[in-house]
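Q: Just dropping this structure here.
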Amino acid sequence: MRHVILGPGGIGGLIGACLADSGETVTMVGRPEAMANYPAELQLESPFGNLRVPVEHAAKVPPTDLVWITVKATQLEQSLTSFPDATGVRGIVPLLNGVDHIARLREKYGAQLVIPATIAVESERVAPAHIVHRSPFAILNVASSGRPLLGDAVADFAKRGFTCRFTDNEATLLWSKLVFLAPLALVSTVTGQMTGEFLSDPASRESVYSCVREACAVATKEGATVDPEAVIANMSKLPPHMRSSMQKDVEQGKSPELDAIAGPILRGGAKHGIEVPVTRELAGKVEKKVAGRNL
């Protein structure tokens, strides 16, 4: 099967390397200036095994079976100029943070083509075509509608060490990640600390837990089945040295995915009449941090 990875960063590189190692044809697509001298091999360092695999590269999406969209939410609109239409494409798998991108992609390419999916992992591009998968886990969840097309690929990811699951309820699929990610991303960015540090601090830990409960209250109203106490319990199992992508973006002077990650909780709270004061305060502190950096 032919695969395009739209977004050759940490997530796209991880997915692309695993697919190419399985014998699939993989084309990495990114900005023209980034792809002009893109290496012929993709290098992955991972707890699941190190890989060097051949990949193709392009600045526009070529004819293909599957398009995996792995850009940051802040880069989505710009990246879609490389993917003007979905003629001949059998499926589109977005692995973005947040929930709002699904409606945008379905509006552009058609509801039937877009297969919602999420990934939870710490994976980083350290150089062009050189990816370091830092977390001891990678969790890939896919909407059940994608089983006929993605079943073999998901099975291969599972054999490599990924935790994989197909989920019937799309709201549960998308919000299950967001209620976990948003509190960690916001608090890590505000404090500048790693997971183990801020979860060991009583005040920061309480902010995380309160944010979880606010997010879950909104998620439930949005049709998701989520359990805030289970989310909190799973946070205690995280490796202590993890850092969020939002935290890294702010530290590196990049635009954070604040609207994609905190926005659905804030807008959902207003829509459903749910108070979300902790999420609002944390988002405001991130905004101030970014503004202060740009002075």
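What follows is calculated from the coordinates using simple rules that are stated; it is not laboratory data. Predicted model, so just to flag it, every value in this text is computed and none were measured. Ideal geometry is used to build each Cβ from the backbone, glycine not excepted, and the neighbour counts take in all protein chains shown.
Q: How long is the gain from Lys285 to Asn234 if the chain were fully straight, where each residue apart is worth 0.36 nm and the alpha carbon distance is subtracted?
A: 15.8 nm
Q: In whole Å, how far is the Cα centre of region 83-109 from that of region 1-66?
A: 18
Q: Normalise the Debye intensity by I(0) for the chain, one equal point scatterer per Cα, no solvent, then take log10 at q = 0.08 Å⁻¹ and round to two decimals.
A: Here log10 of I(q) over I(0) equals -0.33.
Q: Sorted from largest to smallest, which semi-axis lengths in Å does the alpha carbon gyration tensor of region 137-225 give for its equivalent ellipsoid, taking the root of 5 times each eigenvalue?
A: Output for region 137-225: semi-axes of 30, 18, 7 Å.
Q: Using only alpha-carbon positions, what ratio does the radius of gyration of region 165-295 give when scaled by 2.2 N^0.38 Å?
A: Taking the Cα Rg and dividing by 2.2 N^0.38 Å, one obtains 1.01.
Q: If one takes the longest principal axis of the Cα atoms in the chain, at what angle in degrees, from 0 to 90 and to the nearest 10, does the Cα axis of helix 147-160 lie?
A: Computed tilt is about 80 degrees.
Q: Let's test the formula: R0 of 25 Å, r as the Cβ-Cβ distance of Lys248 and Phe166. What FRET efficiency results, to the nearest 0.05?
A: About 0.25, to the nearest 0.05.
Q: Measure off 7 Å from each Cα along the Cα-to-Cβ vector at Ser255 and Asp85, then give the distance between these two points in nanometres to one decimal.
A: 2.8
Q: Looking at the square roots a ≥ b ≥ c of the eigenvalues of the Cα gyration tensor of region 79-174, which shape do they give, rounded for a/c under 1.5, prolate if a/b is larger than b/c, or oblate?
A: In terms of gyration-tensor shape, oblate.
Q: Sorted by average packing, counted as other Cβ atoms within 10 angstrom per residue and highest first, what order do 77-87, 8-18 take?
A: In decreasing order of mean packing, 77-87, 8-18 become 8-18, 77-87.
Q: Distance from a point 7 Å along Cα→Cβ of Ala127 to each backbone N in region 35-78: keep the residues under 18 Å and list them by number.
A: 35-46, 50-55
Q: Run the quick spin-label model on Glu197 and Ala59: label points 7 Å from Cα toward the beta carbon, then report their separation in nm to one decimal.
A: 4.1
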